[in-house]
Amino acid sequence: MPELPEVETITKLLRPIVVSRKIIGIDILRKTTILGEPEVFVKNLVGESFTDITRVGKFLIFHLTNNKVFLSHLRMEGKYFELDEEEENTQFARVVFHLDNKKKICYDDSRCFGIMKLTDEARWRQEKEIAQLGPEPFDIDDVTFLINRTKRTSLPIKSTLLDQTLLTGLGNIYVDEVLYATKIHPLTPAKLISKDQWEDIVKESKRILKEAIKAGGSTIRSYHPGKDIDGNFQTYLHAYGHKDDDCERCHHPMRFIRVNGRGTTFCPICQIKKGLPISVGIFGLIGSGKTEVLKQFKEEGFATASSDEVVAQLYKREDIVKLVNKAFNLSFTDAVDKSVLRLHLANNPGDKKKLERLIHPYVKEEVASFIKLHSLSAVEVPLLFEARMEGMFDVLIALDADDKIRYERVISRNAATGDFLTFINQINNSKFIRNKRKADFVLTNNASHEDLRKAVKKIINTLLNRRN
Ligand SMILES: [Zn+2]
């Protein structure tokens, strides 16, 4: 989706192409692109000449002779193409403007979310699409209205900055960039953003948008009649699109989560989530000491849960019993018997993935509501990444230990529980080694119990300090 800098670039690219050219005909190939009557749109604009193109937020404003104006919003995929009259229209041409110089401008939109609307010089600023927009960062000197408008909202700052009625011009990409630059965690409730932080947000928004516009500007200078005028030049990005890359500031891997459905990339170390609940996800191989760590978190006042316990509870739920019976042709009555199920999986190894796919969404749901209930929580999730639960936690702790040490622990615990088989399967677990990189803290638990406790205590102190 084009963002403000792209739309600014498109404005600059289109201006010399259309200004002082007269429209001699318009083909509306898809009526719903036009808000209002398509016939009226055509009748009003044919015979007029373009006098300028300006921009408000992500709207292109086409100005024509006799005070005619039309607005255009590209939404997801809208693009303008300049073509010679004899050339074929582009594949998804929706509106075609024929000009008086044997050229035509195709408005192309594969997704058809873009719109055009006829208006005039006297009215266009009052059209609801424009009137409802908040100011652009460039026009904000005083952040008081931002504080006032958000002082009661618990929505994450990421969602708040995307709200174009509050301020206009920051889309998904640049909100991630601005939050990265200002070191604000995207989930921070908007009401907790301080005046200094708001000032920082506005300042960085201006700088980032200006830089991006400038980058587009350099595209313009080297622009030659390539005909796709979509102004795509998303370079200079430090957060957006950098999932799993190292943070440029602290070299910790960047993390990807969804915030109200929008993909969000941020650094879990630099972008601090002040004064907020903390949820900790603990993962690691069998025999690495996850349970001990979880116990210590409990002693320190965290609410704790383990996904194994969650699964055990789920297996007692009537709907789950039914689902499992149906999926694997079994006949549990009151509850899923784990040992019977384990035997079934041993005989049908292919069903293991199927079971995970079936049960993981429920585990996720349960853990999510657990986290929500507690301001400090820690959850042991052995298959954190396999269950795609890494994004649910603020902090990830990986537990590691040498294979030999883990082996001894598992044996001394109880080899007969089946843990031993799991252990064998997990030797040289390359997936774990890969995922370990993404943890915020890695604990190598090869030494004494006391050493582990000291290391965990240090992490807990770090986390509690971050809250203040
Ligand atoms: Zn960082």
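The values are calculated or read from the model by the stated rules, or taken from the named source; none is laboratory data. The structure presented is a predicted model; accordingly, all values stated were derived computationally and were not measured. Here the Cβ is made from the backbone with ideal geometry for all residues, glycine too, and neighbour counts use every protein chain on show.
Residue-level check: of (1) of a type outside the set (Asp, Glu); (2) buried (at least 19 other Cβ atoms within 10 Å of the Cβ); (3) more than 30 Å from Lys203 (Cβ to Cβ); (4) modelled with pLDDT of 95 or more, Leu71 misses just (3). The set of residues in the stretch 257-314 being among the hydrophobic types (A, V, I, L, M, F, W, C) and within 16 Å of the ligand (Cβ to nearest atom) consists of Ile257, Phe266, Cys267, Ile269, Cys270, Ile272.
Among residues of the stretch 251-265 that are farther than 15 Å from Met392 by Cβ, those with a Cβ under 7 angstrom from a residue that is among the hydroxyl-bearing types (Ser, Thr, Tyr) and within 15 Å of the ligand (Cβ to nearest atom), sequence gap 6+ or separate chain, pair up as Met254/Thr265; Thr265/Tyr240. Of the listed requirements (1) in contact with a helix residue (DSSP H, G or I) (Cβ under 7 Å, 6 or more places away or on another chain); (2) of a type in the set (D, E, K, R); (3) modelled with pLDDT of 95 or more, Lys58 misses just one: (3). Does Asn446 count as assigned to a loop (DSSP other than H, G, I, E, B), outside the structural domain of His242 (by TED's automatic domain parsing), modelled with pLDDT of 85 or more and more than 28 Å from Ile272 (Cβ to Cβ)? Criteria met by Asn446.
When each of Glu85, Glu8 is tested for being closer than 30 Å to Arg207 by Cα and among the acidic types (Asp, Glu), the lone residue that passes is Glu8.
Among the conditions (1) under 25 Å from Leu4 (Cα atoms); (2) touching a helix residue (DSSP H, G or I) at 6+ places or on another chain (Cβ under 8 Å); (3) modelled with pLDDT of 80 or more, Lys214 misses just one, which is (2). Within the option set Phe50, Phe97, Phe81, being modelled with pLDDT under 95 and aromatic (Phe, Trp, Tyr) holds for one residue only, Phe81.
For the stretch 245-256, residues that are away from the ligand (no atom under 13 Å from the Cβ) and either closer than 20 Å to Pro5 by Cα or more than 13 Å from the chain's Cα centre (by Cα) (or both) total 0. Find the residue count for the stretch 286-343, including only residues that are within 20 Å of Arg357 (Cβ to Cβ), aromatic (Phe, Trp, Tyr) and in a loop (DSSP other than H, G, I, E, B). So the answer is 2.
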